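Before any comments, here is the structure.
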Amino acid sequence: MRTVGLAVWMLTVLSAAAEPLRFLSFNIWGDYFNNPVNEREAGVEAVIVKYKPDIISLQEVTPNWWKSPMFTHLATDFGIVRGDEADALRRAGAKGPRTPRQINHEPLLYRKERLALLDSGMDFFHLSLGPEKCVTWTVLEDKRDKRRFIAFATHFWWQANGPESDVLREYNALQILWRIAELRHTWGDLPVIGGGDLNSRPGSPAHEAFRRAGYLNAAEAADVRSSIASHHGNPVRGADGAYHGAVRAKENVPQSSIDHLFFTQGIHALKHHIGIDQTELDVSDHSPIVVDFERLAE
């Protein structure tokens, strides 16, 4: 009887340790275009809750989004990492504090039941050009197997004006790679998972910076991959007064995606999914990106 009980216990432990880690990235469409938060917050929260992620990278979390009850609700299950903004501003050379309207955030959320936070912070990319573009980073430990990894959430430079903006986005990628190198110097050669709205397509200089550093793109490397684009354009207010979105008729292919999750060796991407349920199309101009990862045996 004791032998059977021990076997069941071991099977339970191994099953828990092997459970995939789900990463969700979602640009929630700020509130810059007379698109009020209160008209979309319930839908955005419903999308997040539906996927049951372990880690979340959000983009365009403006001051009005931080006032939303959505974050109060999410805080029940998730730790919410914003980093030390005052310190990040100082390191970026800011002359005094910025006003809330000048900065939005790319917070990283982690499921507290499964993950423990060991270290975190944030870095601004280029305050003078776009103070809202930054990276939030964490060192996390999986409570189920005590293995650690680095995760990051980010939003890159946005303009699509050719080589000049490509250089800025490549610089954003290099800044993240520098930060990860610093973290590995402190915490050891940990695996990495991260991403967000990179405003750049596969093959661009920013993507190539990650590739040269040994990173893989889940949209290209996962066992199961989505066959559509991650960005579908702004939802439009209809005659019923509500926002309605739709997938694009043209360029709705993976090569047009601008939202991406990267990962390093030692991790395996099982499934890459881009959500296009009607609620997902209605609440934002970006679809949520959901990837299930597993850690390879060490």
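Readers should treat all values here as calculations from the given coordinates under stated rules, not as data from a laboratory. Bear in mind that the values here come from a model prediction, so they are computed numbers and not experimental data. Cβ placement follows ideal geometry from the backbone for every residue including glycine, while neighbour counts extend to all protein chains displayed.
Only Lys, Arg, Asp and Glu count, each charged at its Cβ (+1, +1, -1, -1), so figure out the dipole size of the stretch 96-161 about its Cα centre, rounded to 20 debye.
220
Using only the alpha carbons of the stretch 140-237, what is the convex hull's orientation-averaged projected area in square nanometres? Intermediate results must be reported in sequence, preceding the final value.
Values: hull surface 35.5 nm².
Average projection, Cα convex hull of the stretch 140-237: 8.9 nm².
Just Asn252, Asn161, Asn35 to compare: in a GNM of the chain, with alpha carbon springs under 10 Å, which one fluctuates most?
Residue with maximal mean-square fluctuation among Asn252, Asn161, Asn35: Asn161.
For the chain, set up a Gaussian network in which alpha carbons nearer than 10 Å are linked by springs, and say which option among Arg225, Arg101, Arg201 fluctuates the most.
Arg101
I need the calculated FRET efficiency for the pair Ala86 and Glu220, taking r as the beta carbon distance and R₀ as 25 Å, to the nearest 0.05.
Between Ala86 and Glu220 the formula returns 0.05.
What lysines does Lys146 reach when the alpha-carbon gap must be under 30 Å and sequence neighbours fewer than 8 apart in one chain are set aside?
Cα-Cα hits under 30 Å: Lys50, Lys52, Lys112, Lys271.
Determine the principal axes of the Cα atoms in the chain, then give the extent along each, sorted from largest to smallest and rounded to whole angstroms.
Projected onto the principal axes, the Cα atoms of the chain cover 66, 47, 36 Å.
Taking the chain as the reference, fit the longest principal axis to its C-alpha atoms, fit the long axis of helix 41-51 to the helix C-alpha atoms, and give the angle between the two in degrees, 0 to 90, nearest 10.
That works out to roughly 30 degrees.
Lys67: which lysines have alpha carbons under 21 Å from its alpha carbon, excluding same-chain residues fewer than 8 sequence positions away?
The reachable lysines, counting only those whose Cα sits under 21 Å from Lys67, are Lys133.
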